[in-house]
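First the structure, in the form of structure tokens, and then the observations on it.
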Amino acid sequence: MLAAVVARASGTTYSSFLAHHIFGPLGMSSSGNGFAAQSGTATPYEGSNGNFRPVKRTVSLDLYYGAGSIVSTARDLARWDSALLSDKILDSGSRRELWTNGRLPDGKPLEYAMGFVATSIGTHREVWHNGYAPFAGGYCFNAIFPDDSLAVVVLSNAPDQSFRGEPVTMVKQVLALYDHRIVPLTER
């Protein structure tokens, strides 16, 4: 829905807005949106440990529009995270809104913000999102620790069922290097 709002408010397509207002200015030269960005990306795999096989891409990321149509690299996502942690894209008030879990009209809290899940690990505030586009990509994870100016990007071309939980473990292992009070767990 937010992608449609961006397109309508900007008077251009969502892909064009991303290219001209996000990817270009941030130097995200290996990022794109939708089916056009899928060529030349890592081959997605399916199966389980010891029995992986490549998947012929049968799904266009255009299907996911603003909810998962972006193709990127770890380096470009690091640029994105760095921009989010500064005032390059949003001011502090907008970031606070972006990273605050929503509420239903009756006041009941949601466990989802605008494209992120806001939570914490120990005393470290964390906003994160995982990504998985079946038959189009792999299971991924992007975690930002706003108060620590720390972000961790984990990308894979492994299927959800075999890699779920692994990125979370990796994020906790990195956070444990930052704060020795954190004990990396295998499950969130």
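A compact table of results
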| quantity | calculated |
| --- | --- |
| All positions within region 154-172 that are closer than 23 Å to Trp99 by Cβ and open to solvent by 40 Å² or more (accessible area, probe 1.4 Å) | Leu155, Met170 |
| Only listed residue being under 19 Å from His21 (Cβ atoms), of a type outside the set (Asp, Glu) and in contact (Cβ under 8 Å) with a residue 60 or more places away in the chain, chosen from Leu61, Leu90, Leu84 | Leu84 |
| Set Gly68, Gly107: member being closer than 24 Å to Ser31 by Cβ and open to solvent by 30 Å² or more (accessible area, probe 1.4 Å) | Gly68 |
| Residues located in region 6-59, provided they are open to solvent by 80 Å² or more (accessible area, probe 1.4 Å), in a helix (DSSP H, G or I) and farther than 17 Å from Arg79 by Cα | Arg8, Ala9, Phe35, Ala36 |
| Candidate set: region 132-153, residues that are open to solvent by 30 Å² or more (accessible area, probe 1.4 Å) and at pLDDT below 85; chosen: the one farthest from Asn51 (Cα to Cα) | Tyr132 |
| Lone qualifier among Thr73, Thr58, Thr119, Thr169 - being farther than 19 Å from Leu2 by Cβ, of a type outside the set (Lys, Arg) and modelled with pLDDT under 85 | Thr58 |
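The values are calculated or read from the model by the stated rules, or taken from the named source; none is laboratory data. Please read these numbers as outputs of a predicted model, since none were measured by experiment. Heads up, the Cβs are rebuilt from the backbone with ideal geometry, glycines too, and the neighbour counts pull from every protein chain shown. Quick note on the areas: whole protein, heavy atoms, side chains included, nothing else; ligands and nucleic acids left out. Shrake-Rupley method; radii C 1.70, N 1.55, O 1.52, S 1.80 Å.
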